[in-house]
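Okay, structure first, notes after.
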Amino acid sequence: MVRKNSYLGGKFIANWIKRYYSSLVIDSLVDHFSEEDVPDACVYCDFRDHERQTAANMIGALTKQVVNTLSTVPTEIGEAFERAEREVGGRGLQVSETVRLLRAALAPVKRAFICIDALDEFSDKRLPQLLASLHTVSQTSPGIRLFITGRPHVRSAVEKYLPGSAQVIPFSPNSDDIREYLEMRLEHDLDSEEMSPALKADIMRCIPEKIPDVYVIADSIPEAPSNR
Amino acid sequence: MDPSTQLELNATGTGYTNSFNRTNTLNTTTNTTHADERAKVLNWLSPLRPRVRHEDVRTRRQDGLGEWFLQTDEFLRWRDGKGEFGKATLFCSGNPGVGKTFLW
């Protein structure tokens, strides 16, 4: 029954679709710039992973992906790694260092894309540090373009810490997106034979119509387990 | 290029050499060693593995779903850098007037 509830969980659908779009954007950039050396890097914020998702780790994860597209590890990063290794037990990175290293990684490239998914799921306490770090990087690397998704309450933080550089677009997955998502889930459900045609029809009819209402209700419903 | 030199000094002199040359002096360099050294640097940069999450999401995508968004003027201007430099960031959010009733 839990699995069936996942169809009806507006929060689940919302989370899935917003990640869907981030993933779609990243791959479209890779395809569009396949003939050029244009690095792309992404991070997916997750409220269940606040302990590891520090600003330093997030910026470091972006740096890691950019470095991975380069033929050589930039000298500044290699040297910083060696210095850290020489310390007993190794030394973790501070956010200011990760910013410096990301800038070093981006130095050889003319343009790059950075995608931050679900910024609203990032720790509120650490959000200013993350956004300020991204602002520093974007100011010193003019070819960098940031794609950020998030729910409305983080908009003010984005506008505050990325002053003047953010274009905000209201976004709503259209009803076709929701219907196609539901059709896909129903089609791939191994237990679909247990579901009557009438119930399937009801799902396809009701969910797209009711999704805003469901979303309000579903905010207080535990998210159904997914395959993630 | 010889794969064993991939992580060594590049033509512009900006490459990283130190830890990788240590193995060269012993004539024991292998591609695996270089890959290991590179992996160590990458792991040190962050324990997070966002590409794993990305691969998970993308395998569950459906052809055509959401393609309309990639054709919007806002997205194309942002991607192609046709806007002013100041608009380097595209923030996609739910309509502030809708709040939690909004799908996203």
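Nothing in this text is a laboratory measurement; each read-out follows from the coordinates by a stated rule. From a predicted model like this one, the values you see are computed outputs, not experimental measurements. FYI the Cβ positions are ideal-geometry reconstructions off the backbone, even for glycines, and counts take in every protein chain you see.
For the segment A:137-146, counting C-beta atoms of other chains within 10 Å of every residue's C-beta and taking the mean gives 3. For the listed peptides B:67-77, A:109-119, a ranking on the average number of other beta carbons within 10 Å per residue, highest first, reads A:109-119, B:67-77.
Applying 0.36 nm per residue to the separation of A:S96 and A:K110 and subtracting their alpha-carbon distance, the gain on full extension is 2.8 nm. Near the amide H of A:C115, within less than 5 Å, lie the amide hydrogens of A:A41, A:C42, A:V43, A:F147, all on another chain or at least 5 residues away, with H placed in the peptide plane.
Distance between the modelled labels on A:C206 and B:Q71, one decimal in nanometres: 3.4 nm (7 Å Cα→Cβ projection).
Put simply, the amide H of A:Q167, placed in the peptide plane, has neighbours under 5 Å in B:T89, B:L90, B:F91, leaving out anything fewer than 5 places away on its chain.
Per-residue extension of 0.36 nm, minus the Cα-Cα distance of A:E194 and A:R179, leaves a gain of 3.3 nm for this segment.
Across the range A:48-76, the residues whose backbone nitrogen lies under 16 Å from the label position 7 Å along the beta-carbon direction of B:E55 are A:65, A:68-69.
Couplings for the range A:127-136, taken from phi via the Karplus curve 6.51 cos²θ - 1.76 cosθ + 1.60 with θ = phi - 60°, read 4, x, 5, 5, 5, 4, 5, 5, 5, 4 Hz in order; Gly and Pro are left as x.
With a Förster radius of 45 Å applied to the C-beta separation of A:L186 and B:D80, the computed FRET efficiency comes to 0.75. Shielding of peptide A:71-84 by partners, expressed as the average count of other chain Cβ atoms within 10 Å per residue Cβ, is 6.
Cross-link pairs exceeding 19 Å in C-alpha to C-alpha distance, out of A:K110/A:K160; A:K110/B:K40; A:K125/A:K160; A:K125/B:K87, comprise A:K110/A:K160; A:K110/B:K40; A:K125/B:K87.
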